[in-house]
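Visitor: Handing you this structure, nothing more for now.
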Amino acid sequence: MPHFGDFQLEIYLAGVEGRVPPLPMTAEGMEAAAREVLSEEAFGYIAGAAGTESTARANRAAIEQWHIVPRMLRSVVARDLTTEVCGTVLPAPVLLAPIGVLGIAHPEAELAAARAASGVGVPMILSTVSSIPLEQVAAQLAAAGGTGWFQLYWPKDLEVARSLVGRAERAGFGAIVVTLDTWALAWRPRDLRLAYLPMLRGLGIANYLTDPAFRAGLARAPEDDPKSAILHWAATFGNPALSWADIAWLRSQTTLPILVKGVCHPDDARAAVDAGVAGLVVSNHGGRQVDGARPALDCLPDVAAVAAAAGVAVLFDSGIRSGSDVVKAVALGARAVLLGRPYVYGLAVAGAEGVVHVLRSLLGELDLSLALAGHTDLGSLGPEVLVRAPAR
Ligand code: FNR
């Protein structure tokens with residue numbers, strides 16, 4: 001049976017023929033390569049975080065402070081990385097995180113990401129603020145044999161929320177991921193310095209401009225008056241009035257499972273469970289919202305305990321850069337992780353091929369780290385396989 005780790009042998013065998021991989025082998029290397037090809041504005045938007053960016057750094061430090069304790073001689077020939085989340089079967093515990101406006105990274109934008117993810121078998125979570133309308137991305141996923149979920153930024157206008165969710169369901173997305181932490185954009189100095197918000201330049205708002213409910217709120221069609229459409233978007237994008245009670249309304253609007261993204265406190269996890277969600281995503285948006293917020297991994301165990309008691313799935317993101325990071329997140333209670341910035345750097349550098357490379361590298365390392373640490377499946381990963389690094 002083939003393993004994701006076989007990618008390693010493929011690379012070394014090509015080396016015997018004199019060929020080295022055309023793309024960097026680490027997330028850091030891919031970030032550096034992306035910086036070379038992206039405009040200053042686009043790179044800053046993707047790499048940047050809120051405020052002093054302390055939470056973005058702390059996300060990494062929190063992951064690095066956990067150490068895996070490898071176990072030996074445990075017969076790890078047959079490995080199984082599969083898992084199931086809210087009715088979607090995953091060949092490995094990884095999904096593409098919803099990342100908006102991929103058109104600033106590569107002209108093929110979400111279509112390339114969808115093709116790449118499908119090729120590797122990884123589901124894609126499509127952002128509300130995608131560069132390409134959701135129906136086209138759904139068609140690409142279907143054509144490539146992949147699966148996807150739709151991430152919802154819940155707008156002020158309930159009719160637009162209803163319409164977006166209905167479109168996503170009809171297009172074939174398998175779940176709705178409601179992002180809770182971004183009803184307004186945080187203070188992001190890199191973007192402020194360049195006065196750069198792509199949506200105000202008409203980028204990343206394709207789902208709105210094609211939405212009948214959004215268009216009904218405009219005096220003139222966006223084709224005739226793009227500026228007014230953009231300003232209407234800016235005025236209605238986020239909904240600070242939402243409360244947990246609204247999740248029940250959303251449940252009445254769709255038969256799809258609903259996950260909520262941005263849960264960091266166990267009481268919010270309980271509220272979400274009471275509201276009937278099928279899954280929780282522990283995340284601080286990659287440090288892009290509340291600077292100084294607690295590192296996401298530190299929030300995971302308590303939220304995972306609530307999720308486990310309620311029988312709902314818990315996912316994790318914010319800081320995943322390697323296969324070993326995935327092992328740690330799963331050991332601390334995540335059913336699967338969302339990969340964020342690293343795949344966008346791969347997209348920027350080499351389009352779909354770059355995303356495939358990033359995913360195969362991550363999954364290859366995950367497979368090898370899991371096996372070399374003495375495990376054959378995700379079920380055998382628990383907190384006992386980790387220790388906290390001693391203070392030095
Ligand atoms: C994001 N993220 C995000 N989340 C979301 O729910 N909808 C979105 O449209 C976006 N857009 C977006 C754009 C960019 C450029 C980034 C970097 C991130 C957050 C994303 O889903 C995820 O939570 C973070 O990327 C995780 O952090 P790391 O692993 O990238 O550091």
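Visitor: Hey, can you tell me all the residues within segment 324-357 that are away from the ligand (no atom under 14 Å from the Cβ) and either basic (Lys, Arg) or closer than 23 Å to SER380 by Cβ (or both)?
Guide: Across segment 324-357, the qualifying residues are SER324, VAL327, VAL330, ALA331, LEU332, GLY333, ARG335.
Visitor: Among all residue pairs at least 6 apart or on different chains, which show Cβ distances below 8 Å where the first residue, located in segment 246-264, is touching a residue at least 12 places away in the same chain (Cβ under 8 Å) and on the phi > 0 side of the Ramachandran plot and the second is within 14 Å of the ligand (Cβ to nearest atom) and among the β-branched types (Val, Ile, Thr)?
Guide: From segment 246-264, the pairs are GLY262/THR179; GLY262/THR182; GLY262/VAL281.
Visitor: Which is more than 16 Å from the ligand (Cβ to nearest atom), small (Gly, Ala, Ser), in a loop (DSSP other than H, G, I, E, B) and farther than 30 Å from VAL89 by Cβ, of ALA241, ALA235?
Guide: ALA241 is the lone residue from the list that is more than 16 Å from the ligand (Cβ to nearest atom), small (Gly, Ala, Ser), in a loop (DSSP other than H, G, I, E, B) and farther than 30 Å from VAL89 by Cβ.
Visitor: Continuing with the same structure: Being touching a residue at least 12 places away in the same chain (Cβ under 8 Å), within 15 Å of the ligand (Cβ to nearest atom) and on the phi > 0 side of the Ramachandran plot narrows it down to one of GLY145, GLY204, so name that one.
Guide: From the options GLY145, GLY204, the qualifying one is GLY204.
Visitor: Please go through segment 309-331 and give me each residue that is in a loop (DSSP other than H, G, I, E, B) and buried (at least 24 other Cβ atoms within 10 Å of the Cβ), ordered by number.
Guide: Residues satisfying the conditions are ASP317, SER318, GLY319, ILE320.
Visitor: In segment 342-364, how many residues are surrounded by fewer than 23 Cβ atoms within 10 Å (Cβ to Cβ) and either acidic (Asp, Glu) or under 15 Å from the mean Cα position of the chain (by Cα) (or both)?
Guide: Residues that pass the stated criteria total 1.
Visitor: Then there is this: Checking the condition modelled with pLDDT of 95 or more, in a loop (DSSP other than H, G, I, E, B) and among the β-branched types (Val, Ile, Thr), which residue from ILE63, ILE132 passes?
Guide: Just one listed residue meets the conditions, ILE132.
Visitor: From the set of residues in segment 244-274 that are buried (at least 16 other Cβ atoms within 10 Å of the Cβ) and among the small types (Gly, Ala, Ser), which is farthest from the ligand (Cβ to nearest atom)?
Guide: Checked segment 244-274; the qualifying residue farthest from the ligand (Cβ to nearest atom) is ALA271.
Visitor: Which of the numbered conditions does VAL122 fail, given that it passes all the others? Conditions: (1) over 19 Å from the mean Cα position of the chain (by Cα); (2) in a loop (DSSP other than H, G, I, E, B).
Guide: Going through the list (1) over 19 Å from the mean Cα position of the chain (by Cα); (2) in a loop (DSSP other than H, G, I, E, B), VAL122 breaks only (1).
Visitor: Can you report the number of residues in segment 245-289 which are of a type in the set (S, T, N, Q) and more than 20 Å from SER163 (Cα to Cα)?
Guide: 3
Visitor: Looking at segment 55-74, is at least one residue within 16 Å of the ligand (Cβ to nearest atom), more than 25 Å from LEU259 (Cβ to Cβ) and among the basic types (Lys, Arg)?
Guide: The answer is yes, given that some residue of segment 55-74 is within 16 Å of the ligand (Cβ to nearest atom), more than 25 Å from LEU259 (Cβ to Cβ) and among the basic types (Lys, Arg).
Visitor: Also, quick follow-up: Would you be able to tell me the number of residues in segment 236-266 that are closer than 21 Å to ALA184 by Cα and of a type in the set (D, E, K, R)?
Guide: 2
The values are calculated or read from the model by the stated rules, or taken from the named source; none is laboratory data. Nothing here was measured: the structure is a model prediction, and the numbers come from that model. Ideal geometry is used to build each Cβ from the backbone, glycine not excepted, and the neighbour counts take in all protein chains shown.
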